[in-house]
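Worksheet for the structure shown next.
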Amino acid sequence: MSSAPHITIVFSSALKDSAGAIEWAVDDLVRALEQRDIAAVVSEAPCSGLAVELSSPASAPSAPLGVDLPSDAEAMALVRHGDRITAWGSDSRGLVYAITELADRARTTTDADPFIGTFPLVEKPSSRIRSMSRLFCSEEEDKVWFYDKQQWREYLSMLASNRFNRFSLALGFGYNYPYHNPWITDVYFYFPYPYLMDVAGYKVDVKELSAEERDHNLEMLRFIGREAARRGLEFQLALWTQRYDFDDVPRANYTVRGVTEDNFAPYCRDAVARLLNEVPEITGLTFRVHVEGGVAEGEYGFWEEVFSGVASAGRPIEIDMHGKGLDFTMIDIARKSGMPVAASPKYIAEHMGLPYHQSAIRNKEYPPEIAKSEREQLSEGSRKFLRYSYGDLLKKDKDFKVIYRIWPGTQRVLLWGDPVFAAGYGRSAMYAGSDGVEWCEPQSFKGRMGTGVPGQRFSYQKQGWATKQDWRKYDYLYRVWGRLIYNPEAPRQSWMRWLEKECGDVAEACEIGLSLGSRVLPLVTLVHGPSVSNNHYWPEIYTNLGLIEGSGKRAYGFDMEGPIRFGNAPTFDSELFATAREYAELLLEGKHSHRYTPLDVADWLDEMAQGCEEALVTARNGRDYGRMEVQRILVDVEILAGLARHFAEKFRAACWAELLIASRASELIEPMLDHARRSVDAWRRIAAVSRDLYPDDMTYGPQPWLRGSWHTRLPEIEAELLDLEALRNIGGTESVPTDDRTRTAIELLKCRRPTRADGSGVTAPTSFVGGQPFRVSFTGETDAAPVLHYRHVNQAERWKSMEMTKAAHGYAAEIPADYTQSDYHLQFFVSLTCKGEAIITPGLEEDLANEPYFTALQN
C-alpha cells in the first residue's frame, strides 16, 4: 500500500452522529496516515484505488462483506477485499472502534502496509461497562494534569482507541472518614461543589479560593466533558464526599463557609442540578452513600433530596451508588427518581485479586450482632458483608446495573500488563447478570491525605526515565486491559504491535515477563489478606508482618482476628484457600485440605518468578535491550520477580512457623529459618534494583505503611530475621522433643502433593428452575465419596456441603428444592482425593484466570 499516492476514506453523511465521535475517529485516522507520509482524502463517494469504506446499519457497505456481523451494541468489524477495507460498526461507538483500530495499526506497525493485521476482524463487547477512573486527591500533584488540556486530549483519545466506553473523574476522594479526622489537611475538591461554582440562593464558598480559579475549574470540567463526548465516551463524575467537619479541621488548607444543618441538603441538591446543567455531557454521577461520604447511614431524606436534583436535569443521568453500606431502601430511593440506577461494589476488597469473583468473604466481614455506631449502622452493621464484594446484589431479577470497581490497593507504582488476566476479567465482569468493571488507574491515591510531592506522579528519580505525561508509563496496561475486557479473544497482534514498535527484538521477552510478573501481586493479595483496607495493606511495598507475633501490629492489628502474625492472616477467599495456620492444624490432625494451601501458592509464585527471570535473560541478549521502554518494563519485571520469590519463601516459612508455634518442637526452627533467609535475600535484591531508580519516599498517605519504597522497608524485614534466629537461644524451646503427632505432620509437609484442579468429571445443568432440586453428578476415579460445596450467589450467606452418594455411574448429590427456591443463582464445586492427591473441580487452571467454581443461572 505504501506505493499508493493516497487512501480514500469513504464517509457517508448518513453516518455522522450528534456527538461528532465518528468525525473525530476519521480525523484521527487521517492524522495517523499523515504521520506515515500517506495522504488521506475523505469523500462521500466511492472511488477507484485504495479505500477505507465506513459502514453501519445506517449506511450499508457497497459490496457484501462475507462475514456474519453481530447485532450487539458497540460491535465492530474490519473486512478486506483487495484494495477495499470496510470498517463497520453496529452503532457509532462500534464504528469508532473499527476506525481507531485502523489508526492504531498505522501508528504502531513498521510494515509498509499501514493496515497489516488480522482480517477479517469481528469483535463484540464481553463487558457492557468498561470504565477507567482518574482520582483527584492532591492539590500539589493533581492540579498539573487537571489543567493540562493537551494531556486530556491525548488521554481520552487513548481510552477511546483501547475500547473503553466510560471515563470517570473522581472528586472528594481525599480521605476515608470525614468526622474528627486529624489527618485532614489538603481539602481541595474534597467537598467539590464550591470549588466549581457559586450556587444562587446560598452563601457557600471557599474562603481562600478566588472566583477566577473557581470558574476556571468549572471550565476545565466542561472541557473534559466535551472532549470525552467527542470521542464517544460516557462521562461519569464521582462526587465521593458530601460533607466533612467544615468547622473542625484546623490544619485544612482551605475553608468552606456557609454550610449549615438547615441548608446542607438543599444546597447539595441545587449544586448537583446546576452542575448537570453546566456540563451537559455528564452521563452519570457516582455517590458514596455510606458514612465516609459525610452522611450518616439511614439518613435517607438527604439522598431523596439530592436525587431529585439529579432528576431535574431533564435527561437520563445514571445514579451510581458505591456498594459499601448500600441497602435496598437506597436503591429504591434512586429508582423512584426515575433515573437509571447502578450499584458499584468493590471487586475484591480495596485491592486486586485473581480475575474471578471471590467465592467467600473474610469471616470478619459478616455482620456483627451490634453495629459499630449509629452512623455506621449499615456498613459496620447489618450490611457489612457488602463492604468488599457484591454481597447480596446479584438477585436474578434485579433491575439495576452492578458495576465492579477495582480499588487501588494492590499495585500502584509498578507496570501491569497481563493479557491472560485481562481476558479473565473480561469474562467475569458480567458474572451472574453484572454489567461491567471500572479500574482506579495506576497511581490512584498518590499524594492522598495531604502527602503530595510536586512531580512525584512521574515515579522515577533517575534522570531521563520519566514519561511525557504520568499515565504514559502505563500505555501498555491501558491497551491490554481495555482491548481484552472488550473482547477476551482479541488477537495477540493487537498488543504485540505496540510492543514490537517500542521494544524491537525483545518485544516477546517483555510480553512474557510482564504477563507473568503482573500475576504476582494479585495472587499474593488474594491469599494473604491482613487488611481489606488499602490504607493499611499495600502488598507492592509490603509492610512486614512477622512469622512470630511482633512486627506489623500497627498496620494490621485492627483488621485481623486472633494472633497478629503472617500465618494467621486471613485469605480473601476462605472457601478455596487455607491460611498457614489452618494448614498446620490440618497437618497435625493428619488430614488433607480440600482447599489450596500456602505451599500451592508458593509453587505458583516460583513459577511466575522463574518465567520472569528467563524473560530477563532473553531480553538482555537482544539488540534493543537498551531502549528506554524496554528498561522501564524489565526493571519492574525484575522487582515483581523478586516479590514472587519473597512471598513464596514467606509462605513456606509460615507453614513451618505455625507448626513450631503449635508444637514448640525445636527441629522446626531451622526449616523455618531457611525459608525466612531466602525471603529476606529476595527483598534485598529488590532493594538493590529499585534504590537508585525509585524515590525513597513514595507517598500514598501519611502513615509509614502508606509511604516509602522497597529499600526503606528492608531494615524492618532484616530485623525480623534477627528475631527469628534468636529463637534458637530461648530457654526451653530447643529442648522440646518432636512428638508422634508433630512427626507425622512434618512428614506430611515434606511429602505433600499439590492441590490439583480438574475441570472434568462433573455434570450439572447450566440453569435451573427455583423450587426444584438441582442434581450434580461426578464420574471419575476417587479415593472416597466426593463432596459437593454449594451456595447461592449471595456473599451474605455461608457455603454448605454434602457428601455425594453412589449412583449408577459414579456419584451424585441433589441441592434441595427448598434451597433453590430463592432470589439467587447457584454456584458450586466438587472436592475429592484421588490416590492421596487433593482435587478441586473445576478449580483454578494453570494460568489462574478462570472461575474456579460452576455457576447455574436461575430461569
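The values are calculated or read from the model by the stated rules, or taken from the named source; none is laboratory data. What you see is a predicted model, and the numbers here were worked out from it, not measured in a lab. Ideal geometry is used to build each Cβ from the backbone, glycine not excepted, and the neighbour counts take in all protein chains shown. Just the protein is used for accessible areas: all its heavy atoms, side chains included, with ligands, DNA and RNA removed. Shrake-Rupley method; radii C 1.70, N 1.55, O 1.52, S 1.80 Å.
Using Cα pairs under 8 angstrom and six or more residues apart, how large is the relative contact order of the stretch 17-109, in percent?
Details: 126 pairs, mean separation 31.9, N = 93.
In percent, rounded to a whole number, it is 34.
Rank these residues by their accessible area, most exposed first, probe 1.4 Å: H357, H81. It would help to have the intermediate numbers written out before the result.
Numbers: H357 0, H81 85 Å².
Largest accessible area first, the residues go H81, H357.
Quick check: from the Cα gyration tensor, does the stretch 494-645 come out rounded (a/c under 1.5), prolate or oblate?
In terms of gyration-tensor shape, prolate.
Modelling each spin label as a point 7 Å along the Cα-to-Cβ direction, I'd like the N253/D198 distance in nm, to one decimal.
About 2.5 nm separates the two model spin labels.
In what order, largest first, do W604, W416 sit by accessible area if the probe radius is 1.4 Å?
Values: W604 40, W416 5 Å².
Correct descending sequence by accessible area is W604, W416.
Using r as the Cβ-Cβ distance of N729 and K591, and R0 as 41 Å, what FRET efficiency do you calculate, to the nearest 0.05? Provide the component values of the computation, followed by the final result.
On the way: r = 34 Å, r/R0 = 0.83.
The calculated FRET efficiency here is 0.75.
What is the distance, in nm, between label points placed 7 Å from the Cα along the Cα-to-Cβ direction at S210 and at V617?
6.2
Which of the peptides 112-118, 556-562 is most tightly packed, and how do the rest follow, going by the mean number of other Cβ atoms within 10 Å of each residue?
Numbers: 112-118: 16.4, 556-562: 14.7.
The peptides rank, most packed first, as 112-118, 556-562.
Take M802, project a point 7 Å from its Cα along the Cβ direction, then tell me which residues of the stretch 827-848 have their backbone nitrogen under 17 Å from it.
In the stretch 827-848, the label zone of M802 (backbone N under 17 Å from the point 7 Å along Cα→Cβ) covers 827-831.
So if each residue of separation counts as 0.36 nm, and I subtract the Cα-Cα distance between S760 and K16, what length gain in nm does that give?
Details: separation 744, 0.36 × 744 = 267.84 nm, distance 5.05 nm.
Taking 0.36 nm per residue and subtracting the Cα distance, the gain is 262.8 nm.
In whole angstrom, how far apart do the alpha carbon centroids of the stretch 604-672 and the stretch 823-859 sit?
Here the answer is 28 Å between Cα centres.
Take the residue pairs K346/K401; K372/K446; K324/K553 and return only those whose Cα atoms are more than 18 Å apart.
K372/K446; K324/K553
So what is the accessible area of the chain per residue, in Å², with the probe set to 1.4 Å? Could the numbers behind the result be given before it?
Values: 29780 Å² over 859 residues.
With all protein chains present, the chain gives 35 Å² per residue.
Provide the gained length on full extension for the span R315 to R222, in nm with one decimal, where the gain is 0.36 nm per separating residue minus the Cα-Cα distance.
Details: separation 93, 0.36 × 93 = 33.48 nm, distance 1.71 nm.
Extra length available between R315 and R222 comes to 31.8 nm.
How far apart, in nm, are two points set 7 Å out from the Cα along the Cα-to-Cβ line at D818 and at Y177?
Label-label distance for D818 and Y177, simple model: 4.3 nm.
Take the Cα of Q493, step 7 Å along the line toward its Cβ, and report every residue of the stretch 46-84 whose backbone nitrogen sits under 16 Å from that point.
Residues passing the 16 Å test: 77-84.
Which of the peptides 173-180, 62-69 is most tightly packed, and how do the rest follow, judged by the mean count of other Cβ atoms within 10 Å per residue? List each step's numbers first, then the result.
Values: 173-180: 18.9, 62-69: 13.0.
Going from most to least packed, we get 173-180, 62-69.
Of the peptides 635-644, 37-46, 566-575, how do they stack up when ordered by the mean number of other Cβ atoms within 10 Å, highest first? Let's see the in-between values first.
Values: 635-644: 26.0, 37-46: 12.8, 566-575: 23.9.
In decreasing order of mean packing, 635-644, 37-46, 566-575 become 635-644, 566-575, 37-46.
At what distance in angstrom do the alpha carbon centres of the stretch 328-343 and the stretch 479-514 lie from each other?
40
Pop out the carbon and sulfur fraction of the accessible area of the stretch 8-65 as a percent, whole number, probe 1.4 Å. Kindly include the intermediate steps, with their values, before the conclusion.
Working: 1350 of 2640 Å².
The C+S portion of the solvent-accessible surface of the stretch 8-65 is 51 percent.
Once you have the Cα-Cα distance between V144 and S308, take 0.36 nm times their residue separation minus that, and quote the gain in nm to one decimal. Please list the in-between numbers first.
Working: separation 164, 0.36 × 164 = 59.04 nm, distance 3.43 nm.
Taking 0.36 nm per residue and subtracting the Cα distance, the gain is 55.6 nm.
So, R0 is 22 Å and r is the distance between the beta-carbons of E607 and R685; what FRET efficiency does that work out to, to 0.05? Show your work: numbers first, answer last.
Numbers: r = 18 Å, r/R0 = 0.83.
Efficiency, from the Cβ-Cβ distance: 0.75.
Looking only at the stretch 363-400, which residues have a backbone nitrogen under 12 Å from a spot 7 Å from the Cα of L857 in the C-beta direction?
Correct set: 396-397.
Rounded to whole Å, give me the distance from the Cα center of the stretch 392-406 to that of the stretch 174-243.
28
Determine, from the Cβ-Cβ distance of R677 and D739 and an R0 of 22 Å, the FRET efficiency 1/(1 + (r/R0)^6), rounded to the nearest 0.05.
On the way: r = 27 Å, r/R0 = 1.23.
So, using R0 = 22 Å, E works out to roughly 0.20.
For K806, which aspartates and glutamates qualify as cross-link partners when the Cα separation must be under 19 Å and same-chain residues fewer than eight apart are set aside?
Within the straight-line limit of under 19 Å, K806 reaches these aspartates and glutamates: E781, D783, E814.
When the accessible area of the stretch 522-636 is computed with all protein chains present and a 1.4 Å probe, what percentage of it is carbon and sulfur? Intermediate results must be reported in sequence, preceding the final value.
Values: 1680 of 3650 Å².
That fraction is 46 percent.
How high is the relative contact order of the chain? Use alpha-carbon pairs under 8 Å, at least six apart in sequence, and give a whole percent. Please list the in-between numbers first.
On the way: 1860 pairs, mean separation 86.9, N = 859.
Value for the chain: 10 percent.
Using +1 at the Cβ of each Lys and Arg and -1 at the Cβ of each Asp and Glu in the stretch 301-376, identify which of G309, H322, G338 lies farthest towards the dipole's positive end.
H322
Which order do R231, R645 take when ranked by solvent-accessible area (1.4 Å probe, heavy atoms of all protein chains), largest first?
R645, R231
Can you give the helix-only mean residue ellipticity at 222 nm for the chain, where every DSSP H stretch with n ≥ 4 adds -39500 (n - 2.57) and the sum goes over all residues, rounded to the nearest 500 deg cm²/dmol?
Numbers: 21 runs with 286 residues, N = 859.
Mean residue ellipticity at 222 nm (helix-derived): -10500 deg cm²/dmol.
Do the alpha carbons of any pairs in K143/K462; K650/K750; K462/K650 sit beyond 19 Å of each other, and which pairs?
Working: K143/K462 23 Å; K650/K750 16 Å; K462/K650 31 Å.
Flagged as over cut-off: K143/K462; K462/K650.
Working from Cα positions, state the angle (0 to 90°, nearest 10) between the long axis of helix 628-663 and the longest principal axis of the chain.
It is inclined by approximately 30 degrees.
Given contacts defined as C-alpha pairs under 8 Å and at least six residues apart, what's the relative contact order of the stretch 487-582, whole-number percent? Kindly include the intermediate steps, with their values, before the conclusion.
Working: 96 pairs, mean separation 21.0, N = 96.
Across the stretch 487-582, relative contact order equals 22 percent.
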